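S.K.: The structure that follows is given in the form of structure tokens.
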Amino acid sequence: MKNKKFDFGLVGLGVMGRNFILNVAENGFSCIGLSSSIKSIKILRKEGKDFIVDGTQSEKEFLNSLSRPRKVMLLVPAGEPVDSTIKKFLPYLDKDDIIIDGGNSHYDDTERRYRYLKEKNIKFIGAGVSGGSKGARFGPSIMPGGDKDSYEIIKPIFESVSAKVKGEPCVTYLGNTSSGHYVKMIHNGIEYGIMQLISESYHILKNGLNKENIEIHNTFKKWNDGMLNSYLVEITRDVFKLKDEKSDNYLIDLILDKAKQKGTGKWTSQSAMDFGVSIPTIDSSVSMRIISSFKETRVKAQKLYSKKIIPSTSSIKSDDIEKALIFSFVITFAQGLSQLKVVSEEKLYNLNFEKICKIWRGGCIIRAQLLEDFMQAYRKNSSLDNLIFDDNISEIINKTVFSMRKVSIFCIENNIPSHALLSSLSYFDSIKSSILPMNLIQAQRDYFGEHTYERIDKEGLFHTDWEKK
Ligand code: 6PG
């Protein structure tokens, strides 16, 4: 390693980190990894034997062996490990060195770190990286934010390693400070929504239409060949094929129905509340992960409340569920992107929505055929408030909403929990209602708290003594 100057350094040689650095090395950039684990370094050397890649346990050696300005990417767990790595590196860094945080960091942390490092003349890029371990190795979608001039320096590396769709890289400069991590958080919120919607559709196929796993596999296969074509529908299709290694059961039937979460979906909902944006499908999917964790409560409650099925007024086919899913996919993206729109304006991110849809078409977990339509919608109108206002999108909504209503009625009548599906329809019905009953909320607030109300017939704020007879 003596006297060798590497183009790129990566901290954290877990599966994601190792795969990312191998991807960079395979694309012709010399790389060095830093890890406290000699085992991880050995694996890196072995898997990277055909490329210029090495590893070290020494922070000093790692930083000394990088060409200037240093380009150092952190793929360590979000939170304290990012801060402690930066703290350890600081004494050895030079002006204009670039630190890239590639983890799922909270945007507030990214803003804080950006400001802190700017004072010390160090550049900081917060970059969301999506696509899991395979994506990291063979082409992720990368969502970088920070200073444009520092992005320009790392651009050749990021464009080489990212996924490509129609020859175009799934990475672009998004905007200042925390914009990259904010966009990645919204990506994950949408990911939560879509995963929940797919899972509810599976529940309807299984418990409502009594389909076997192999039929469910075939249904998802058909769906993936149509408008629902997406990474998440594709992997779902394959889940239903797999049998347990030790028994003859399908693996899916042996998996406990409690979903874990690392928190990015929750952050999306929290931030939506903070910025005053409504994203009920994403909120519901976070809620459902929470409800799922209360397994004992659910078992107890099911014994107490037997399934009283309302005589069915509706029957549905799997085609209706497909349409309901298309409808709710569109609505979930519409919610996430509308949140981005509001936040982009408030935080002066100046996001380009066509570019965001473009880099989500490949490499990331939410990649989907529908993103082509969303991209076109923003190409036609870059300041679109909500996807539902685009002509082509409203045509998709109009063609699917009837089935969405049928599926909703079916779920309600048959006691099938469908929180995210129903929330999608409810959001749509609310956002397209010129009249909502919030006049009554205004009256109630004024009644008990003298909070005043506005009127439709004259300007100003009014208070009434509601108890006056
Ligand atoms: C991605 C994913 C990834 C995320 C996992 C787990 O884009 O590659 O979004 O970043 O961390 O999917 O997320 P949860 O544990 O919150 O489900």
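The values are calculated or read from the model by the stated rules, or taken from the named source; none is laboratory data. Model, not experiment: these values are computed from the prediction. Note: ideal-geometry Cβ built from the backbone for every residue, glycine included; neighbour counts use all protein chains shown. These accessible areas exclude ligands, DNA and RNA; they are computed on the full protein's heavy atoms, side chains included. Shrake-Rupley method; radii C 1.70, N 1.55, O 1.52, S 1.80 Å.
S.K.: Can you say whether Gly226 is more than 18 Å from the chain's Cα centre (by Cα) and touching a residue at least 60 places away in the same chain (Cβ under 8 Å), as far as the supplied structure shows? Give the steps one after another, and end with the answer.
M.R.: Details: more than 18 Å from the chain's Cα centre (by Cα): yes; touching a residue at least 60 places away in the same chain (Cβ under 8 Å): yes.
In short, yes.
S.K.: Of the conditions (1) closer than 28 Å to Met404 by Cα; (2) open to solvent by less than 20 Å² (accessible area, probe 1.4 Å); (3) in contact with a Phe, Trp or Tyr (Cβ under 8 Å, 6 or more places away or on another chain), Ser278 satisfies every one except a single condition; which number is it?
M.R.: Result: Ser278 passes all but (2).
Quick grid of which residues meet (1) more than 16 Å from the ligand (Cβ to nearest atom); (2) open to solvent by 10 Å² or more (accessible area, probe 1.4 Å); (3) out of contact with any Phe, Trp or Tyr (no Cβ under 8 Å at 6 or more places or on another chain); (4) in a helix (DSSP H, G or I):
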| residue | (1), (2), (3), (4) |
| --- | --- |
| Lys88 | yes, yes, yes, yes |
| Asp94 | yes, yes, yes, no |
| Asn104 | no, yes, yes, no |
| Asp108 | yes, yes, yes, yes |
| Tyr114 | yes, yes, no, yes |
| Lys118 | yes, yes, no, yes |
| Asn121 | yes, yes, yes, no |
| Val129 | no, yes, no, no |
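S.K.: Something else: If we scan segment 40-53, do we find a residue that is closer than 25 Å to Ser150 by Cα and open to solvent by less than 10 Å² (accessible area, probe 1.4 Å)? Give the steps one after another, and end with the answer.
M.R.: Looking only at segment 40-53, we keep the residues that are closer than 25 Å to Ser150 by Cα, and these are 52-53.
Narrowing the set further to residues that are open to solvent by less than 10 Å² (accessible area, probe 1.4 Å) leaves none.
So far as segment 40-53 goes, no, none of its residues is closer than 25 Å to Ser150 by Cα and open to solvent by less than 10 Å² (accessible area, probe 1.4 Å).
S.K.: Here is a follow-up. Please work out if Ser160 is polar (S, T, N, Q), away from the ligand (no atom under 16 Å from the Cβ) and not assigned by TED's automatic domain parsing to the domain that holds Tyr116. Break it down stepwise before answering.
M.R.: On the way: polar (S, T, N, Q): yes; away from the ligand (no atom under 16 Å from the Cβ): yes; not assigned by TED's automatic domain parsing to the domain that holds Tyr116: no.
It is false that Ser160 is polar (S, T, N, Q), away from the ligand (no atom under 16 Å from the Cβ) and not assigned by TED's automatic domain parsing to the domain that holds Tyr116.
S.K.: Can Ile204 be described as assigned by TED's automatic domain parsing to the domain that holds Ile397, open to solvent by less than 40 Å² (accessible area, probe 1.4 Å) and more than 16 Å from the ligand (Cβ to nearest atom)? Spell out the reasoning first.
M.R.: Numbers: assigned by TED's automatic domain parsing to the domain that holds Ile397: yes; open to solvent by less than 40 Å² (accessible area, probe 1.4 Å): yes; more than 16 Å from the ligand (Cβ to nearest atom): yes.
Spelling it out, Ile204 is indeed assigned by TED's automatic domain parsing to the domain that holds Ile397, open to solvent by less than 40 Å² (accessible area, probe 1.4 Å) and more than 16 Å from the ligand (Cβ to nearest atom).
S.K.: Among the residues of segment 244-275, how many are open to solvent by 80 Å² or more (accessible area, probe 1.4 Å), within 16 Å of the ligand (Cβ to nearest atom) and touching an Asp or Glu at 6+ places or on another chain (Cβ under 6 Å)? Break it down stepwise before answering.
M.R.: Looking only at segment 244-275, we keep the residues that are open to solvent by 80 Å² or more (accessible area, probe 1.4 Å), and these are 245-246, 248, 254-256, 258, 260, 262, 266, 270, 273-274.
Narrowing further to those that are within 16 Å of the ligand (Cβ to nearest atom): 255-256, 258, 260, 262, 266, 270.
Cutting the leftovers down to touching an Asp or Glu at 6+ places or on another chain (Cβ under 6 Å) gives us none.
Of the residues in segment 244-275, 0 are open to solvent by 80 Å² or more (accessible area, probe 1.4 Å), within 16 Å of the ligand (Cβ to nearest atom) and touching an Asp or Glu at 6+ places or on another chain (Cβ under 6 Å).
S.K.: Could you check how many residues of segment 243-288 are touching a helix residue (DSSP H, G or I) at 6+ places or on another chain (Cβ under 7 Å), of a type in the set (Lys, Arg) and touching a residue at least 12 places away in the same chain (Cβ under 8 Å)?
M.R.: Looking only at that region, the number is 2.
S.K.: Tally time: how many residues in segment 347-405 are within 16 Å of the ligand (Cβ to nearest atom), in contact with a Leu (Cβ under 8 Å, 6 or more places away or on another chain) and of a type in the set (Lys, Arg)?
M.R.: In the first step, residues of segment 347-405 are kept if they are within 16 Å of the ligand (Cβ to nearest atom); the result is 356-357, 359-368, 371.
Among the residues that remain, those that are also in contact with a Leu (Cβ under 8 Å, 6 or more places away or on another chain) are: 356-357, 360-361, 365-366, 368.
Checking which are of a type in the set (Lys, Arg) leaves us with 361.
Qualifying residue count, segment 347-405: 1.
S.K.: Does segment 360-369 contain any residue that is open to solvent by less than 40 Å² (accessible area, probe 1.4 Å), at pLDDT 95 or above and part of a helix (DSSP H, G or I)? Don't jump to the end; show me each part of the working.
M.R.: Residues of segment 360-369 open to solvent by less than 40 Å² (accessible area, probe 1.4 Å): 360-366, 368.
When the remaining residues are screened for being at pLDDT 95 or above, the result is 360-366, 368.
Now drop any that are not part of a helix (DSSP H, G or I), which leaves none.
No, segment 360-369 contains no residue that is open to solvent by less than 40 Å² (accessible area, probe 1.4 Å), at pLDDT 95 or above and part of a helix (DSSP H, G or I).
S.K.: Exactly one of these conditions fails for Ala301: (1) more than 16 Å from the ligand (Cβ to nearest atom); (2) surrounded by 12 or more Cβ atoms within 10 Å (Cβ to Cβ); (3) without any contact (Cβ under 8 Å) to a residue 24 or more places away in the chain. Give me its number.
M.R.: The single condition Ala301 does not satisfy is (2).
S.K.: Here's another thing I want to ask about it. If you check Tyr173, Tyr151, which single one turns out to be farther than 29 Å from Ala420 by Cα, open to solvent by less than 10 Å² (accessible area, probe 1.4 Å) and without any contact (Cβ under 8 Å) to a residue 40 or more places away in the chain?
M.R.: Every option except Tyr151 fails the conditions.
S.K.: Checking Lys60 against (1) touching a residue at least 12 places away in the same chain (Cβ under 8 Å); (2) open to solvent by less than 70 Å² (accessible area, probe 1.4 Å), only one condition comes out false. Which one?
M.R.: Among (1) touching a residue at least 12 places away in the same chain (Cβ under 8 Å); (2) open to solvent by less than 70 Å² (accessible area, probe 1.4 Å), Lys60 violates only (2).
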